[in-house]
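The values are calculated or read from the model by the stated rules, or taken from the named source; none is laboratory data. Only a predicted model underlies this, so the values are computations on that prediction, with no experimental measurement involved. Cβ: placed from backbone, ideal geometry, glycine included. Neighbour counts: every protein chain shown.
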């Protein structure tokens, strides 16, 4: 027989009332955003009003799993075919389809899904339209992300100066996304090189622009990177 100490809560009781995480977040409405895209059809161009909501990690995992499942069971692909450039391209597109199926909602009723199933997204949207809607979703997700993203050289220098002068804590670094973090590190190295050179010969070293790293440091979407 299990004895519960006075003041403690059994696992069953905790399950009944919910964990602290569940009590904090369950039942809260997800953030949503309305937007529009222009699509072209035989009768001309039309502006399509849309809305999207944020997705949980579980939603993202199911979107990825369903993308692989559909490609293998219905699309005629083998799992090993999904590895490589061609496989990445088709898998990324299907992940977009599955993610948008879950993210798109009725602009008038954000708690109602806009598409009944992924097949509707494939059937009614063209590929470029799916990518356009995905860009809206990805941009909105980035705006809401707790990770900071530095867009300009001035922002990188400001953060590097603050870190170098002890005005900002090193513990803030994990809050920056990967590309920005690389730029900050590069700027700090450039500062140190400048100080060292000034002490010896007075010649300063330039700090690279963020554009120099845009191609190499921006990660592409992989099979597990879906929000």
- Please verify whether region 66-88 includes one or more residues that are loosely packed, with under 10 Cβ neighbours inside 10 Å and within 22 Å of residue 109 (Cα to Cα). no
- Task: Within region 127-138, track down each residue that is touching a strand residue (DSSP E or B) at 6+ places or on another chain (Cβ under 8 Å) and surrounded by fewer than 17 Cβ atoms within 10 Å (Cβ to Cβ).
- Result: 129, 132
- Would you be able to tell me the number of residues in region 98-124 that are more than 14 Å from residue 70 (Cβ to Cβ), outside any strand (DSSP E or B) and in contact (Cβ under 8 Å) with a residue 60 or more places away in the chain? 4
- Only one of 29, 40, 51, 22 is under 29 Å from residue 112 (Cα atoms), in a helix (DSSP H, G or I) and either under 26 Å from the mean Cα position of the chain (by Cα) or at pLDDT 80 or above (or both), namely 22
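If you check residue 45 against the conditions, is it exposed (fewer than 11 other Cβ atoms within 10 Å of the Cβ) and under 20 Å from residue 129 (Cα atoms)?
Values: exposed (fewer than 11 other Cβ atoms within 10 Å of the Cβ): yes; under 20 Å from residue 129 (Cα atoms): yes.
It is true that residue 45 is exposed (fewer than 11 other Cβ atoms within 10 Å of the Cβ) and under 20 Å from residue 129 (Cα atoms).
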